[in-house]
Amino acid sequence: MTVIKSLATAAAPSRGFKMEPQKGYSLEMRPPPSPPPHFGLKRGVQVEPVSVYTVSNSALIPVEAVETPSEEAYDPYDNRKVEYPTTNFETWVHMLKGSLGTGVLAMPNAFNNAGLLVGTLGTIIIGSVCTYCLHVLLRCQYILCRRARVPILNYPDTLRMALESGPVPLRRFSPYATALVDTFLVVYQLGICCVYIVFVASNVKQVMDYWVQPVLLEYYMLALLLPLVLLNYIRNLKYLAPLSTLANGVTFVGFGIILYYIFSALPSPSVRPLTQPVSSFPLFIGTVLFALEAVGVVIALENNMKTPRSFPGPTGVLNRAMVVIVALYTIMGFFGYVRYGDKAMGSITLNLPPADILAQICKLIFSLAIFITYALQCYVPLDILWEQRLKRRLEKSNHLLLWEYVFRTAIVIGTFVLAVAVPRLELFISLFGALCLAALGLVFPAIIDICVHWPHMGRHNWRLVRDLVIFVFGLGALVVGSYVALRDIILSLL
C-alpha cells in the first residue's frame, strides 16, 4: 500500500496561535496496518502533526497507526525534522514572553478574591498542578507518537488516540475527541479576543478621559472595530512578526513602570486580609488558570526544539520557565494586592494614576502590544473553523477569497459584540479561564494519562488515584468557576 507522509513543522508562537508550516512529501511502502489507534486527518492547532494518509480515488483517507514490536526502537525525537529549531534558551525566553499578557496584569484582582495567604499558596499550588499536568501531557504524547510511529501529535489527536486505547467505556467517545478539543480551543481563543478588546478600550479611555471630554467605553470599542478588522485581514503572520517583536520589547518597559508605582507607596501587608469568603474562590481559580495555563504554547515550543529531550525533566526547560512564571505571577498578585487592596481592577494598569504621564505611557504601551496580538489570537479559530471546515465546503466557489474575508470580519464583529455586551474584564478572564483552561490544562491531561497507561495503573492503582484527583479538581473548577463567573456577568447586566 502506497502512503504519503506529510511532514510539517511549526515555529514557536506567542500564546495561542500557529505559524504557517513548511510542507514536503515523500513516498514509501508500508505493510498493512494493524487494528488499534488510527491517525486522523490534519487537526492543526498549535503545530502541524506528521499525518499519514492513503491514496484512494483521489481522496485522503486516514491510515491506522501501526503498533509493532519495534515500537521501542522508534524515537519521535530522532525523527523530527524542524526547519528552524530553537535552542533551550530561546525556548525558555519564548515561554516567558508568552506569559507576559493580560493574565499577569489581572493577578492583583485575583488575590482580591482570595486574600494574601490563600492567594499566595493557591497560585503556587495551581501553578505546580498545571506544570505537572503539562509534564503528563507531553509524556503521553511521546508514548503515543512511539505507538503510531510519528514524530509529532497535536492535542486533538492525542486525546482521540488515547481514548481509543483506554478503558472500554471511554472508547466510544474517541470519535468526538477532536471536535471537543477544537471547541474548547476556539471558545478560549475567541474569549481572549474579547478580553483584548475590553482591555485596550478601557486603558485608552482612561488616558483620553484626562485630555478630552469623557465618553462611554463602548465608543472606544467601536473605534477599535475597523482597525481590528483590517488587522485580521493579514493572512500571513510573518508580516506581523516585526510588530510583535516591538510589542514584546515595550511590554517589559511597561512592567517596569507598574513595579515602580507598586513599590513607590507600598503599605504594610498587615492591612490586607489573609483570606476572603469561599464564595469568591472560584473567580480566583479561574483567573489564575487563565494566567498560568499555556498548554498550546508549551506543545508548540516542545515540538519546535532542537533538543526536545531537554524540555521535560526536573531541571528541564519547562520547569525552569514555570518556576520563573509562577514566581512572577505570585509577586505581581501579592504586592499589587497589598498596594491597591479591594480597589484592584481587572488590569492593574487601570489602577495607575490617570494624570501621570508615565502611567499614561504604560497604559498605551500595553494597549499597543495587546492590540497587535489580537490578530495572533484569531489565528487558531480561523484555522480550525475556516481552513479545516468551511473552506473545504466552499472550495468550488469562485469567490473563495471573498468568503474568507467575510468570515474574518465576522470573527471580529462577534468578539466585538460580546465585549460590548459584557465590558467586565475580570469576569471575562475568570469565565474563560475556568471554562476552557480547566478542561484543556487539567481534565483532558488526566483522562489521557489514564487511557495511555491503561490497564497498568501502578502499585495500588496510584496513577489512577492521582489522575482522578486532578480530574475532579479540574472538573470542579470548570463547573463551579464557570457558574460563578456567569452568575456575576448576569448580575452585572441587570
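Somewhere in region 429-437, is a residue among the polar types (S, T, N, Q), under 21 Å from the mean Cα position of the chain (by Cα) and within 30 Å of Val104 (Cα to Cα)? So far as region 429-437 goes, yes, one or more of its residues are among the polar types (S, T, N, Q), under 21 Å from the mean Cα position of the chain (by Cα) and within 30 Å of Val104 (Cα to Cα).
Taking the stated definitions as given, is Trp454 surrounded by 15 or more Cβ atoms within 10 Å (Cβ to Cβ) and at pLDDT below 90? Spelling it out, Trp454 is indeed surrounded by 15 or more Cβ atoms within 10 Å (Cβ to Cβ) and at pLDDT below 90.
Of all residues in region 456-483, those being closer than 18 Å to Leu137 by Cα and either touching a residue at least 60 places away in the same chain (Cβ under 8 Å) or assigned to a helix (DSSP H, G or I) (or both) number 14. What number of residues within region 391-427 satisfy the criterion of being under 23 Å from the mean Cα position of the chain (by Cα), modelled with pLDDT under 90 and assigned to a helix (DSSP H, G or I)? Residues meeting the conditions: 3.
All conditions in (1) buried (at least 19 other Cβ atoms within 10 Å of the Cβ); (2) touching a Pro at 6+ places or on another chain (Cβ under 9 Å) hold for Leu440, with the sole exception of (2).
Of the residues making up region 223-272, just one is part of a loop (DSSP other than H, G, I, E, B) and buried (at least 17 other Cβ atoms within 10 Å of the Cβ), namely Arg272. Of all the numbered requirements in (1) surrounded by fewer than 21 Cβ atoms within 10 Å (Cβ to Cβ); (2) modelled with pLDDT under 95; (3) in contact with a helix residue (DSSP H, G or I) (Cβ under 7 Å, 6 or more places away or on another chain); (4) under 23 Å from Ala477 (Cα atoms), Thr183 misses one, and that requirement is (3). None of Ile384, Ile348, Ile365, Ile370 is more than 23 Å from Gly249 (Cα to Cα) and crowded, with 18+ Cβ neighbours inside 10 Å except Ile384.
When Pro267, Pro353 are checked against the criterion of being of a type outside the set (S, T, N, Q) and touching a Lys or Arg at 6+ places or on another chain (Cβ under 8 Å), a single residue qualifies: Pro267.
If you go through region 322-337 and keep only what is out of contact with any Ser or Thr (no Cβ under 8 Å at 6 or more places or on another chain) and either outside any helix (DSSP H, G or I) or in contact (Cβ under 8 Å) with a residue 40 or more places away in the chain (or both), you end up with Val324, Met332, Phe335, Gly336, Tyr337. Among the residues here, Lys343 qualifies as within 30 Å of Ser268 (Cα to Cα) and loosely packed, with under 15 Cβ neighbours inside 10 Å. The listed residues are Ile143, Ile192, Ile125, Ile197, and the only one of them that is assigned to a helix (DSSP H, G or I), free of Cβ contacts under 8 Å to residues at least 12 places away in the same chain and either aromatic (Phe, Trp, Tyr) or on the phi < 0 side of the Ramachandran plot (or both) turns out to be Ile125. Is at least one residue of region 301-317 in contact with a His (Cβ under 9 Å, 6 or more places away or on another chain), surrounded by 23 or more Cβ atoms within 10 Å (Cβ to Cβ) and in a helix (DSSP H, G or I)? Yes: one or more hits. Leu494: over 19 Å from Leu138 (Cα atoms), surrounded by fewer than 18 Cβ atoms within 10 Å (Cβ to Cβ), over 21 Å from the mean Cα position of the chain (by Cα) and free of Cβ contacts under 8 Å to residues at least 24 places away in the same chain, yes or no? Answer is yes for this residue.
For (1) within 16 Å of the chain's Cα centre (by Cα); (2) outside any loop (DSSP other than H, G, I, E, B); (3) at pLDDT 80 or above; (4) hydrophobic (A, V, I, L, M, F, W, C), each residue gets a yes or a no:
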{"residue": "Gln46", "(1), (2), (3), (4)": "yes, no, no, no"}
{"residue": "Tyr53", "(1), (2), (3), (4)": "no, yes, no, no"}
{"residue": "Gly103", "(1), (2), (3), (4)": "yes, yes, yes, no"}
{"residue": "Leu134", "(1), (2), (3), (4)": "yes, yes, yes, yes"}
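The values are calculated or read from the model by the stated rules, or taken from the named source; none is laboratory data. Just so we're clear, the structure is a prediction, and the values are computed from it rather than from any experiment. No Cβ is skipped: glycine too gets one built from the backbone with ideal geometry, and neighbour counts run over all protein chains shown.
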